[in-house]
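Here is the structure we will look at, set down as structure tokens.
The values are calculated or read from the model by the stated rules, or taken from the named source; none is laboratory data. Everything numeric in this text was worked out from a predicted model, so none of it was measured. Every residue, glycine among them, receives a Cβ derived from its backbone with ideal geometry; neighbour counts consider all protein chains shown.
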Amino acid sequence: MKKADLVDALVDLVGKRSVAEQAVACVLSSVTDALKNGEAVTLVGFGTFKVAKREARNGRNPQTGKAIKIKAKNVPKFTAGKILKEAVAGTKVKAKGK
């Protein structure tokens, strides 16, 4: 699914393409802004977006084989929620005690 496909799915609910495009853009920019500020974004049942720190490390240039230093950086990380995992796996996990 691409961004345009998501907009198309939302058009069916809201009726106007421009409103659907604004809604998708708003959600994506809100998630991006929160991650830029170091905040986690949790969509219950779907998953959590957060920022992880990738430490500096040594690597190799694949063309020359020469050793290089790779700088530390922050990267986005997504952890799927229970409902999403179950939907993808096609299973339903039983609740404890039931």
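Here are the numbers:
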| read-out | value |
| --- | --- |
| Out of 69, 50, sole residue that is farther than 30 Å from residue 86 by Cβ, of a type in the set (D, E, K, R) and assigned to a strand (DSSP E or B) | 69 |
| Which numbered condition residue 61 misses (of (1) surrounded by 10 or more Cβ atoms within 10 Å (Cβ to Cβ); (2) in contact with a strand residue (DSSP E or B) (Cβ under 6 Å, 6 or more places away or on another chain); (3) not aliphatic (A, V, I, L, M)) | (1) |
| Sole residue being under 28 Å from residue 86 (Cα atoms) and in contact (Cβ under 8 Å) with a residue 40 or more places away in the chain, chosen from 35, 6 | 35 |
| Candidate set from region 63-92 (those that are among the small types (Gly, Ala, Ser) and on the phi < 0 side of the Ramachandran plot); member that is farthest from the chain's Cα centre (by Cα) | 67 |
| Among residues of region 1-59, those that are closer than 16 Å to residue 76 by Cβ, touching a helix residue (DSSP H, G or I) at 6+ places or on another chain (Cβ under 7 Å) and basic (Lys, Arg), counted | 0 |
| Flag for residue 5 being assigned to a helix (DSSP H, G or I), exposed (fewer than 10 other Cβ atoms within 10 Å of the Cβ) and either touching a strand residue (DSSP E or B) at 6+ places or on another chain (Cβ under 7 Å) or not polar (S, T, N, Q) (or both) | yes |
| Close pairs from region 47-72: first in contact (Cβ under 8 Å) with a residue 60 or more places away in the chain and under 29 Å from residue 32 (Cβ atoms), partner part of a strand (DSSP E or B) and small (Gly, Ala, Ser), Cβ under 6 Å, at least 6 apart | none |
| Qualifying residues in region 11-32 (those that are free of Cβ contacts under 8 Å to residues at least 12 places away in the same chain and charged (D, E, K, R)) - the one surrounded by the fewest Cβ atoms within 10 Å (Cβ to Cβ) | 12 |
| Filter result for residue 75 (at pLDDT 95 or above, of a type in the set (Val, Ile, Thr) and surrounded by 12 or more Cβ atoms within 10 Å (Cβ to Cβ)) | no |
